[in-house]
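Report on one structure; see the data block that follows.
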Amino acid sequence: MSHHLVEVKGLKYTYPDGNQALRGISFRITHGEAVGLVGANGVGKSTLLAHLAGALLPQEGTVRIGDYPLTPKTLPLIRKAVGMIFQDPDDQLFMPTVGDDVAFGPLNMGLPVDEVEKRVDEALALVGASHLKARPPYKLSGGEKRAISIATVLAMSPDILVMDEPSSALDPLSRRRLIQLLRTFKHTKIIATHDMDLVLDLCERTIILYQGEVLADGPTRELFQDEALLKKGHLEKPLRLQGCPVCGGL
């Protein structure tokens, strides 16, 4: 199914201040894959996600989403195919009620009102938040806001979910619920995060970025057990792989 394909070749991007954020990134993600994107602060994760969502255009190299290369002309198609979930849910929630927020995207796609209402109800049900439909977003907890931000994206029926630090600022129970929720989605998923345990839970494959380049790309558990590789990438093993600090056992 080519519409779920994500292909990046030789992608380079330099900001106006001279900061070269991406230095020739290449990878290919196919239908249904869940891929973690990890690395220290400033290695280019957010810049890469911005390209995948069509917020930035390549200066050099190419980005391909499904059957379409990322160009100014294909932006509407790219943005329809890719659903971006931001690090801060408040960046996505700005309408008077939860229902209004979830309906915003489908309405702007020009869908009929009855279809929009159906999508709103289905998306809220998927994230277990139907009871929040009439609530103002500012009265929600952090975990509830995260669930609604995901619903706003699901209502647009994207082929690919791109997430920036989805577990940021969540309490342990909300984080666990988020992981359980994301496990149910059959979408192609790309998750940029510092939460190594979340990646271990959700992603069979991980891409490690370092200084704007791909340092490693392979099976998550295999990469996360390579201490020399993690040290080079300024990363640490997930807590579950570090062993007991008292007895030394796993």
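The values are calculated or read from the model by the stated rules, or taken from the named source; none is laboratory data. Here the structure is a predicted model, which is why all the values come from computation and not from measurement. Methodologically, a virtual Cβ is constructed for each residue, glycine included, from the backbone with ideal geometry; neighbour enumeration extends over all protein chains shown.
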If you take the residues in the range 64-114 that are closer than 18 Å to Met163 by Cα and among the polar types (S, T, N, Q), which one is surrounded by the most Cβ atoms within 10 Å (Cβ to Cβ)?
Gln92
Can you report the number of residues in the range 208-220 which are more than 17 Å from Gly24 (Cβ to Cβ) and either touching a residue at least 24 places away in the same chain (Cβ under 8 Å) or surrounded by 15 or more Cβ atoms within 10 Å (Cβ to Cβ) (or both)?
1
When you check Glu222 against the structure, is it modelled with pLDDT of 95 or more, at negative phi and in contact with a Lys or Arg (Cβ under 6 Å, 6 or more places away or on another chain), yes or no?
no
Can you name the condition, by its number, that Leu178 falls short on among (1) modelled with pLDDT under 90; (2) closer than 19 Å to Leu49 by Cα; (3) not basic (Lys, Arg); (4) not in a loop (DSSP other than H, G, I, E, B)?
(2)
Quick one: in the range 143-175, of everything that is part of a strand (DSSP E or B) and in contact with a His (Cβ under 7 Å, 6 or more places away or on another chain), which residue is surrounded by the most Cβ atoms within 10 Å (Cβ to Cβ)?
Ile160
Filtered residues of the range 123-142 (kept if farther than 16 Å from Asp90 by Cα and either in contact (Cβ under 8 Å) with a residue 60 or more places away in the chain or part of a loop (DSSP other than H, G, I, E, B) (or both)):
Val127, Gly128, Ala129, Lys133, Ala134
Residue by residue through the range 52-63, note down the ones that are outside any loop (DSSP other than H, G, I, E, B) and either touching a residue at least 60 places away in the same chain (Cβ under 8 Å) or surrounded by fewer than 22 Cβ atoms within 10 Å (Cβ to Cβ) (or both).
Leu52, Glu60, Gly61, Thr62
